[in-house]
Amino acid sequence: MIKSAYLHIPFCEHICHYCDFNKVFLQGQPVDEYLQMMKREMVMQLSKYPTAGLDTVFVGGGTPTSLDEKQLAFLCEAINETLPFDPKKAEYTFEANPGDLSREKLKILYDSGVNRLSFGVQSFNDELLKRIGRTHRASEVYETIHLAQEVGFTNISIDLIYGLPGQTMEDFKDTLDKAIALQLPHYSSYSLIVEPKTVFYNQMRRGKLNLPPQELEASMYERLMEEMEKHGLHQYEISNFARAGFESRHNLTYWDNVEYYGIGAGAHGYTGGKRVANHGPVKKYITPLLSNELPVLEEHPVPLHERMEEEMFLGLRKTQGVSLEIFKNKFFVEMTDIFRKPLEEGSAKGLLKVEGGFVRLTERGKLLGNEVFQTFLGVIDSD
């Protein structure tokens, strides 16, 4: 039974230098029509793949809070009218940028049952923010979070990025100190990945991107883990830290490898045993929906061997790891039989450990996660 829904708002007032998500400049876009078609897609997906109720709803982007107050109110109303969930029990998240949210917009979200906010902060260094194409400044982080708390939000998360161009260990430590001093219940922190079709990618190809060496990036990650643990923020996934009870239930949907709706332009979903991707360009997304057709660009039925591989490389992102019992209940085989070779090799290299009924990454394994994940691919005969 599907328990989660992701909704994508592709509009931005400014495009950041590192972002490769599906996004377009807000100006001149058919925003109102897009939101109406999103509501139509919700109805159609629920009709095709019914659910008794959702545990998590996540609205991401793009920048969902770039919508004006009327549009934001329409979107929230459409979600509440269409998706079956109880805001008092479900986790209902909106992504936001510091500086984007007025008291009025925050009140619309709060009154609509949104109970979690995720802010893209990235750094507390104004020069660095400018360099990576962010339009907010550190002062706006404090102002927006304070305003959100005044309105009534208590479950607030912020994202940070390390390994940024020209970033030093001292700078990252300063950002960590300032972030942790906010005493929020949840933090995400990711290393910069330079993706194709981004400003940073073009700069890198021209030799104009001054990235920290890999050793420094690894040291930043180790410092991140140390500081979060020191301040009572438990690492429950490679890049995510939370006080007890504030783990992102929505993101755990992905790492637990269970199905979810993907709604909106460029959204990805996992429904009916298929990985589904919607059309990315706004007009290509809208056109099929006008004819009451789902805006699917591609579907990939996930065969058994891929589902088992995904169970491993997604589940190993969690510090808890992958449950031997759950694996057997899902696939009717022992994980240690199917993946004997990568498990033995990972353990021998000190990257994996099996304990308490779970397979998990070691501390060293967390630093080399992608290397470990790849060892579980192509192991099973797909015939």
Subject >> Heavy atoms of ILE338: accessible area, 1.4 Å probe, square angstrom to 10 >> reply: 50
Original post:
One-quarter of the Cα convex hull surface for segment 157-311, in nm²?
Top reply: 12.2
**OP:** Note down the accessible area of GLU91, probe 1.4 Å, to the nearest 10 Å².
**Re:** 10
Original post:
If Lys and Arg each add +1 and Asp and Glu each add -1, what is the summed charge of the other residues whose beta carbon sits under 9 Å from the beta carbon of ALA138?
Top reply: 0
Original post:
With the radius of gyration and the Kirkwood radius both derived from the Cα set of segment 32-183, what is their ratio Rg to Rh?
Top reply: 1.02
**OP:** Report the residue, chosen from VAL333, VAL199, VAL43, that carries the largest GNM mean-square fluctuation when the chain is represented by alpha-carbon nodes joined by springs under 10 Å.
**Re:** VAL333
**OP:** Work out how far the C-alpha atoms of the chain reach from end to end along every principal axis, then list the three figures in whole Å, largest first.
**Re:** 58, 51, 45
Original post:
Just from its helices, what would the mean residue ellipticity at 222 nm be for the chain, if runs of 4 or more DSSP H residues each count -39500 (n - 2.57) and the sum is divided by every residue, rounded to the nearest 500 deg cm²/dmol?
Top reply: -12000 deg cm²/dmol
Subject >> the chain: relative contact order in percent, alpha carbon pairs under 8 Å with at least 6 residues between >> reply: 15
Original post:
So how long is each side of segment 73-140 along the principal axes, counting just the alpha-carbon atoms, biggest first, in Å?
Top reply: 44, 21, 16
Subject >> Orientation-averaged projected area, Cα convex hull of segment 266-383 (nm²) >> reply: 9.1
Original post:
In what order, largest first, do TYR142, TYR270 sit by accessible area if the probe radius is 1.4 Å?
Top reply: TYR142, TYR270
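If you average the sequence gap of Cα pairs under 8 Å that are 6 or more apart and divide by the length of segment 34-101, what percent do you get for the contact order? List each step's numbers first, then the result.
Numbers: 56 pairs, mean separation 33.9, N = 68.
In percent, rounded to a whole number, it is 50.
Cross-link list LYS107/LYS283; LYS3/LYS39; LYS88/LYS330; LYS173/LYS318; LYS107/LYS178; LYS105/LYS197: which exceed 20 angstrom alpha carbon to alpha carbon? Before the final figure, lay out the partial values.
On the way: LYS107/LYS283 31 Å; LYS3/LYS39 18 Å; LYS88/LYS330 30 Å; LYS173/LYS318 24 Å; LYS107/LYS178 26 Å; LYS105/LYS197 32 Å.
In this structure, LYS107/LYS283; LYS88/LYS330; LYS173/LYS318; LYS107/LYS178; LYS105/LYS197 exceed 20 Å between Cα atoms.
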Original post:
Quick one: ranking HIS146, HIS8 by accessible area, 1.4 Å probe, largest first, what do you get?
Top reply: HIS146, HIS8
Subject >> Dipole axis of the chain (+1 Lys, Arg; -1 Asp, Glu on Cβ), positive-most option in PRO30, GLY62, SER239 >> reply: PRO30
Original post:
In segment 185-264, if every C-alpha pair distance is counted and binned at 10 Å from zero, what percent goes to each bin?
Top reply: 15, 31, 32, 21, 1
Original post:
In a GNM of the chain with a 10 Å cut-off on Cα contacts, which of SER323, SER157, SER123 has the highest mean-square fluctuation?
Top reply: SER323
Original post:
Highest GNM mean-square fluctuation, the chain, Cα pairs closer than 10 Å: which of GLY266, GLY61, GLY232?
Top reply: GLY232
Original post:
Where the Cα atoms of segment 44-83 are projected onto their three principal axes, how long is each span, largest first, in whole Å?
Top reply: 31, 17, 17
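Only Lys, Arg, Asp and Glu count, each charged at its Cβ (+1, +1, -1, -1), so figure out the dipole size of the chain about its Cα centre, rounded to 20 debye.
Numbers: 42 positive and 54 negative charges, 66 e Å.
Dipole of the chain, to the nearest 20 debye: 320 debye.
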Original post:
What does the accessible area of GLU33 come to, in Å² to the nearest 10, when a probe of 1.4 Å is used?
Top reply: 70
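Need one number for segment 18-117: average projected area of the convex hull over its C-alpha atoms, nm². Each step should come with its number before you reach the end.
Details: hull surface 28.1 nm².
Quarter of the Cα hull surface area: 7.0 nm².
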Original post:
Counting only heavy atoms of protein chains, what accessible area per residue, in Å², does the chain have with a probe of 1.4 Å?
Top reply: 46
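Restricting to DSSP loop positions (anything but H, G, I, E, B) with no more than 12 other Cβ atoms inside 10 Å of their own Cβ, which trypsin sites (Lys or Arg not before Pro) remain in segment 132-204?
On the way: sites: ARG134, ARG137, LYS173, LYS178, LYS197; in loops: ARG134, ARG137, LYS197.
Taking segment 132-204 and a limit of 12 other Cβ atoms within 10 Å, the loop trypsin sites (Lys or Arg not before Pro) found are LYS197.
Evaluate the charge dipole of segment 236-282 about its Cα centre and quote only its size in Debye, nearest 20, assuming +1 on the Cβ of each Lys and Arg and -1 on the Cβ of each Asp and Glu. Intermediate values should be presented prior to the final figure.
Details: 4 positive and 4 negative charges, 20 e Å.
For this selection, approximately 100 debye.
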**OP:** Evaluate segment 236-275: find the radius of gyration of its Cα atoms, find its Kirkwood radius, and give the ratio Rg to Rh.
**Re:** 1.06
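Put ARG249, ARG116, ARG364 in order of accessible area, largest first, 1.4 Å probe: what do you get?
Working: ARG249 100, ARG116 5, ARG364 125 Å².
Sorted by accessible area, descending: ARG364, ARG249, ARG116.
With all protein chains present, how much of the accessible area of the chain (probe radius 1.4 Å) comes from carbon and sulfur, to the nearest whole percent?
Numbers: 8820 of 17640 Å².
Result for the chain: 50 percent of the exposed heavy-atom area is carbon or sulfur.
The values are calculated or read from the model by the stated rules, or taken from the named source; none is laboratory data. Because the structure is a prediction, the values reported are computed rather than measured. All Cβ positions, even for glycine, are placed from backbone atoms using ideal geometry, and neighbour counts span all protein chains on display. What goes into the accessible areas is simple: the full protein's heavy atoms, side chains included, and nothing from ligands, DNA or RNA. Shrake-Rupley method; radii C 1.70, N 1.55, O 1.52, S 1.80 Å.
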